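The values are calculated or read from the model by the stated rules, or taken from the named source; none is laboratory data. A quick note: this is a predicted structure, and the numbers were derived from the prediction, not measured. Cβ atoms come from the backbone with ideal geometry, glycine included; neighbour counts cover every protein chain shown. The area values use the complete protein model at the heavy-atom level, side chains included, leaving out ligands, DNA and RNA. Shrake-Rupley method; radii C 1.70, N 1.55, O 1.52, S 1.80 Å.
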Amino acid sequence: LVTRTLVREAAADYHLQVETTDASGKTIEGPVVLDVIIIDQNDNRPIFKEGPYVGQVWEGSPTGTTVMNMKAFDADDPTTDNAVLRYNILKQTPDTPSPNMFYIDPEKGDIVTVVSPTLLDRETLENPQYELTIEAKDMTGSEVGLTGTATATIIVVDKNDHPPEFTKKEFQATVKEGVTGVIVNLTVEDQDDPTTGAWKAVYTIINGNPGQSFEIHTNPQTNEGMLSVVKPLDYEISAFKTLLIKVENADPLVPDVAYGPSSTATVQITVEDVNEGPVFHPQPMTVSKPEDIPVGSAVFTVGATDTDTLQHQSIR
């Protein structure tokens, strides 16, 4: 007789010793071993134990690229269909640009891409992150099988497939002579992920800076190029400066993409004149005269020049 509920998952079989006795308790036959095997019932649903499930796939990946694997566990007898699972995608969010961006191998649980590489473009996707509702069903996926579900998150990872481009070909700046600091911010556009080196801009002055009077650095928040004067300019030497600037990404571009003309720009700089004071010469001046020099005698003739040579000014 069975005296309590049998649970195969707790004990799959029992080993009993059985003997025959008479009314007095004397053994007539035995003992013999009796093995009792518990027949499994399909009373356990598949369970996804290893979540959260997060996978990544590069944008533009070929059709059939494996993204991740989903694996569920079923406590029923693995030698029976009660524990044989089949996988299926119940829902994809968002459902654009195709409601079937991914496919799951029913037996292995491998999730692969099924759309063309052009549709797997992070810059054109409504959202570069997809949520898949995955179902695991036992009984080899038959209608009477028990089910369990889990969510798979798939992130479409950015490639550096868009070079930065200046918003205009020529920028203007004005700076007073003798002054240092930022004189203009150069703006660029880049369609890549702002959280990656594929978006971060790196600026270089490639022409017009022989005296190293200028430097350019990237604003980490805006990605703009901050052009600065680091050595004071002299209006009398040059009232105009022209710089050629190029912009690249911190990360290299993918092999089939190159920097184009829009990745260079010109900066026209106007140096404004400042009214500088006259300069005495020689400097310092030393004068020696005898103590008995007559009153009204000339002691020294002072000489001075005005460095503002392009202005018509007199020295008094």
Keeping to the stretch 49-83, report how many residues are open to solvent by 40 Å² or more (accessible area, probe 1.4 Å), at pLDDT 95 or above, closer than 21 Å to D138 by Cα and part of a loop (DSSP other than H, G, I, E, B). 1
Which listed residue is among the hydroxyl-bearing types (S, T, Y) and open to solvent by 80 Å² or more (accessible area, probe 1.4 Å), from T3, T21, T96: T3
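Could you say whether any residue in the stretch 38-46 is open to solvent by 100 Å² or more (accessible area, probe 1.4 Å), assigned to a loop (DSSP other than H, G, I, E, B), under 30 Å from D121 (Cα atoms) and touching a strand residue (DSSP E or B) at 6+ places or on another chain (Cβ under 8 Å)?
Looking only at the stretch 38-46, we keep the residues that are open to solvent by 100 Å² or more (accessible area, probe 1.4 Å), and these are 39, 41, 45.
Then drop every residue that is not assigned to a loop (DSSP other than H, G, I, E, B), which leaves 39, 41, 45.
Within this subset, residues satisfying the condition of being under 30 Å from D121 (Cα atoms) are none.
The answer is no, given that none of the residues of the stretch 38-46 is open to solvent by 100 Å² or more (accessible area, probe 1.4 Å), assigned to a loop (DSSP other than H, G, I, E, B), under 30 Å from D121 (Cα atoms) and touching a strand residue (DSSP E or B) at 6+ places or on another chain (Cβ under 8 Å).
Look through the stretch 180-207, keep the residues that are open to solvent by 70 Å² or more (accessible area, probe 1.4 Å) and assigned to a loop (DSSP other than H, G, I, E, B), and return whichever of them is farthest from V257 (Cα to Cα).
At the first step, the residues of the stretch 180-207 found to be open to solvent by 70 Å² or more (accessible area, probe 1.4 Å) are 180, 182, 185, 189, 191, 194-195, 200, 206-207.
Subsequent filtering for residues that are assigned to a loop (DSSP other than H, G, I, E, B) retains 180, 191, 194-195, 200.
On the way: T180: 38, Q191: 13, P194: 18, T195: 20, K200: 17 Å.
Across the stretch 180-207, the extreme among qualifying residues is T180.
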From E215, E143, E177, residue being over 22 Å from the mean Cα position of the chain (by Cα), free of Cβ contacts under 8 Å to residues at least 24 places away in the same chain and surrounded by 15 or more Cβ atoms within 10 Å (Cβ to Cβ): E215
For the stretch 146-174, give me each residue that is open to solvent by less than 30 Å² (accessible area, probe 1.4 Å), out of contact with any strand residue (DSSP E or B) (no Cβ under 6 Å at 6 or more places or on another chain) and more than 25 Å from T93 (Cβ to Cβ). P163
The stretch 82-113, residues that are touching a Pro at 6+ places or on another chain (Cβ under 9 Å) and among the acidic types (D, E): none
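Would you be able to tell me the number of residues in the stretch 233-269 that are loosely packed, with under 13 Cβ neighbours inside 10 Å and either at pLDDT 95 or above or under 15 Å from K168 (Cβ atoms) (or both)?
Narrowing the stretch 233-269 to residues loosely packed, with under 13 Cβ neighbours inside 10 Å: 237, 240, 242, 252, 255-256, 258, 260-261.
Among the residues that remain, those that are also either at pLDDT 95 or above or under 15 Å from K168 (Cβ atoms) (or both) are: 240, 242, 252, 258, 260-261.
Total satisfying the criteria: 6.
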